[in-house]
Amino acid sequence: MLPKFTEFDKKIWEKELEDFVPESVFDAHSHIWSEAFRKNNTQNTSALRLEVALEDLHRWSLTLFPGRNMGYIPLPTPLKDIDYSGHNDWTAAEAHSAKSAGIPLPVIPTMLVVPGMDKEEISLRAERDGVKVLKPYRVYADDPKNGVITDFFPESFMEAADEHHLAVTLHLSKETGPADEQNLKDLERFTRKYPGIRWILAHCARAFNSVHLEDSVHRLAKMENVFVDTSAVNDTYSHYLLFKYFDREKILFGTDNVSAGSARGKYITFGYGWEGYFGKESLEHCDSRCTFIVYEQLRCQKQAAEMVGLTKGEIEDLFYRNSLKFFS
Ligand SMILES: [Zn+2]
């Protein structure tokens, strides 16, 4: 079931966001899911198991961003012990149903890649299903917290991705994510070794806490095939650092909708960490209701755009032109 959109959310949209979000929005990081593929998954309470077909994602996007021309990278949902093959078949088929769902901008076929999969399956789906984006995920590493990139995205997959010129939406693992020296060295090496791959580092290179981007942004900015999506990052300074030091044409707007991006709450940062705040406590002298994480993200992006003085054209690039160029 899709979230409820209330008068409270509408007020924030109308007062703060409506004038910032351009007429077209390409969501470069969203997820779809169907319980038909849950198989042996035991995460029964995981919010990620929210059933969202492409049609639902689109309907919800038009609720959040009324009247906008939408396009998507609808990623599969990276849960464990699911029917990977079935989920990948369905995810590609959903992308191909975009026209009949009345979605005006492109919808890009994607697939989940899990260690142990045959790299030929990547080639097959790239050729047969037109898959253009791979989705590995750290939960498939033996050590999901400290895994290096190859623990969940082995080089055999990179060879297939390189050959077929695929993009890879990569959520970095390890405690300091983009600031981790091993992650940075690996990215420097793999971008040189596999020039056919374009890496989309999810969540501003996983800079939920901007402290991890302060130094690394300068190194990431030098890597030719490294892009970022902005999904779910509620730290204004991360967006600012990207606008200031990263190639603005390599920043792709994304939401992490529906289950994560449209949870009612905010990611807050402290020390070297972050967590989701979902409005459990309230002070008596403020309105303590939460809106959606994606609206908090948009507030941050708007603030950062204001700080660096993005032009109207650059804001449009961020929301859709960069992505359209990426897939053209
Ligand atoms: Zn995601």
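Considering only residues that are within 16 Å of the ligand (Cβ to nearest atom) and over 28 Å from LYS325 (Cβ atoms), look in the stretch 57-84 and name the one that is surrounded by the fewest Cβ atoms within 10 Å (Cβ to Cβ).
LYS80
May I ask you to list the residues in the stretch 17-55 that are away from the ligand (no atom under 16 Å from the Cβ), touching a residue at least 40 places away in the same chain (Cβ under 8 Å) and not in a loop (DSSP other than H, G, I, E, B)?
Hits for the stretch 17-55 are LEU17, SER24, VAL25, ALA36, PHE37, GLU55.
Could you say whether any residue in the stretch 33-43 is of a type in the set (Asp, Glu) and surrounded by 16 or more Cβ atoms within 10 Å (Cβ to Cβ)? Spell out how you get there, then give the answer.
Quick first cut of the stretch 33-43, residues of a type in the set (Asp, Glu) only: 35.
Among the residues that remain, those that are also surrounded by 16 or more Cβ atoms within 10 Å (Cβ to Cβ) are: none.
No: zero hits.
When only residues in the stretch 284-316 that are of a type in the set (Asp, Glu) and assigned to a helix (DSSP H, G or I) count, which is surrounded by the fewest Cβ atoms within 10 Å (Cβ to Cβ)?
GLU306
Of the residues that sit in the stretch 239-260 and are under 17 Å from the mean Cα position of the chain (by Cα), in a loop (DSSP other than H, G, I, E, B) and among the hydrophobic types (A, V, I, L, M, F, W, C), which one is surrounded by the most Cβ atoms within 10 Å (Cβ to Cβ)?
Among those residues, the one meeting the criterion is VAL258.
Which residue pairs have Cβ atoms under 6 Å apart, sit 6 or more places apart or on different chains, and have a first residue in the stretch 274-291 that is among the hydrophobic types (A, V, I, L, M, F, W, C) and a second that is at pLDDT 90 or above?
TRP274/PHE208; TRP274/ASN209; TRP274/TYR267; PHE278/GLY265; CYS290/ARG264; CYS290/GLY265
Do we find a residue being touching a Gly at 6+ places or on another chain (Cβ under 8 Å), of a type in the set (Lys, Arg) and at pLDDT 95 or above anywhere in the stretch 229-248?
Kept after step one, since they are touching a Gly at 6+ places or on another chain (Cβ under 8 Å), are these residues of the stretch 229-248: 229-232.
From what is left, the residues that are of a type in the set (Lys, Arg) are none.
No: the stretch 229-248 contains no residue that is touching a Gly at 6+ places or on another chain (Cβ under 8 Å), of a type in the set (Lys, Arg) and at pLDDT 95 or above.
Tell me, yes or no, whether the stretch 116-139 has at least one residue that is farther than 21 Å from THR191 by Cβ, surrounded by fewer than 20 Cβ atoms within 10 Å (Cβ to Cβ) and within 18 Å of the chain's Cα centre (by Cα).
yes
Is it true that some residue in the stretch 155-170 is touching an Asp or Glu at 6+ places or on another chain (Cβ under 8 Å), touching a residue at least 40 places away in the same chain (Cβ under 8 Å) and closer than 16 Å to PRO76 by Cβ?
Checking the stretch 155-170: at least one residue is touching an Asp or Glu at 6+ places or on another chain (Cβ under 8 Å), touching a residue at least 40 places away in the same chain (Cβ under 8 Å) and closer than 16 Å to PRO76 by Cβ.
Of all residues in the stretch 153-175, which are over 17 Å from the mean Cα position of the chain (by Cα) and not in a loop (DSSP other than H, G, I, E, B)?
Residues satisfying the conditions are GLU155, SER156, PHE157, MET158, GLU159, ALA160, ALA161, ASP162, GLU163.
Taking the stretch 227-266 as the region of interest, how many residues are over 22 Å from GLU316 (Cβ atoms) and hydrophobic (A, V, I, L, M, F, W, C)? I'd like the intermediate steps shown before the answer.
As a first pass, look at the stretch 227-266 and keep what is over 22 Å from GLU316 (Cβ atoms): 234-235, 237, 258-260, 262-266.
From the residues that got through so far, the ones that are hydrophobic (A, V, I, L, M, F, W, C) too are 258, 260, 263.
Matching residues across the stretch 227-266 total 3.
Listed here are the residues, each with its yes/no results for (1) closer than 30 Å to GLU55 by Cβ; (2) more than 16 Å from the ligand (Cβ to nearest atom); (3) in a loop (DSSP other than H, G, I, E, B).
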site	(1), (2), (3)
TRP199	yes, no, no
ALA205	no, no, no
ARG219	no, yes, no
GLU224	no, yes, yes
PHE227	yes, no, no
ALA232	yes, no, yes
TYR237	no, yes, no
SER262	yes, no, yes
SER282	no, yes, yes
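The values are calculated or read from the model by the stated rules, or taken from the named source; none is laboratory data. Quantities reported herein were computed from a predicted structural model and do not represent experimental measurements. Note: ideal-geometry Cβ built from the backbone for every residue, glycine included; neighbour counts use all protein chains shown.
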